[in-house]
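See below for the structure under consideration.
Coordinate-derived values only; no laboratory data. Keep in mind it's a predicted model, so treat the numbers as computed, not measured. Backbone-built Cβ (ideal geometry, glycine too); neighbour counts: all protein chains shown.
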Amino acid sequence: MSEVKIKAESRTEFGKGAARRIRRADKVPAVLYGHGAEPIHLTLPGHDAMMALKNANALFSVQMEGKEQLALAKEIQRDPIRGFVKHVDLIQVRRGEKVTVDVPVYVVGEAASDALVVTEQTTISIDAEATHIPESIEVSVEGLEIGSQVLAKDLQLPAGSSLHVDEDMLIVNAVAAPTAEQLEAELAEAEAEAGVEREEAEAVGAEPAAEPAAEAAAPAEGESAESQE
């Protein structure tokens, strides 16, 4: 993953009020720490930080007061409604240093037609060089048959990376695809648990309801309303 150069400014104001003022200026409050050094409080340009943090495990080259420091985004706080970045914790790293990170897992390919692919893990924890963290790890399920599994040890990791989890961890599982009847039964069960009542469908081919008998025809002109002998 390439480094993102970002200019930072030191900050001396703290607290919620200071953080709100920083964000109103389109900047993001952040803290840089690690390697036993004292935490450094700084601000990052809002737009640049937001774009960089779209990628998992973004690697920053933080430029401040004529110095550069490599850092990984360790913790990101976002506004739950509008999604903007509220605060970032950055951890210092060195070139060649190995770090433990969670990398997204993406499934590619088509399994057998009667198989349903279940992704058990959407991320995998690995040890990788700080400057060579993969953006994602692909898992091929091409032609995977029912009953087949992909374990952590089956993943193709980039050179220099290694698993930080049990090698027998289940990543992808191929199971039998449910039939239409099974899906209908599951839906009915879910509706019953939720208290949803289905309307009974009208019987196919049912005879239409009989119409009311027509009223007696009015007597012809000139005839008595009474019956004639």
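A few remarks follow.
- Residue 159/residue 47 FRET efficiency (R0 30 Å; Cβ-Cβ; nearest 0.05): 0.30
- If only the Cβ of Lys and Arg carry +1 and only the Cβ of Asp and Glu carry -1, the dipole of the stretch 63-196 around its Cα centre is close to 1060 debye.
- Beyond 20 Å in Cα-Cα separation lie the following of the pairs 7/54; 54/98; 54/153; 5/67; 27/74: 54/98; 54/153.
- Per-selection Rg to Rh, the stretch 99-176 - Cα, Kirkwood hydrodynamic radius: 1.01
- Projected label points at residue 167 and residue 184, each 7 Å from Cα along the beta carbon direction, are separated by 4.8 nanometres.
- Spacing of the two label points (7 Å from each Cα toward its C-beta) at residue 102 and residue 196, in nm: 3.1
- For the pair residue 9 and residue 123, label points projected 7 Å from Cα toward Cβ lie 3.1 nm apart.
- Zone residues, the stretch 1-23, relative to residue 68, backbone N less than 20 Å from point 7 Å out along Cα-to-Cβ: 1-10
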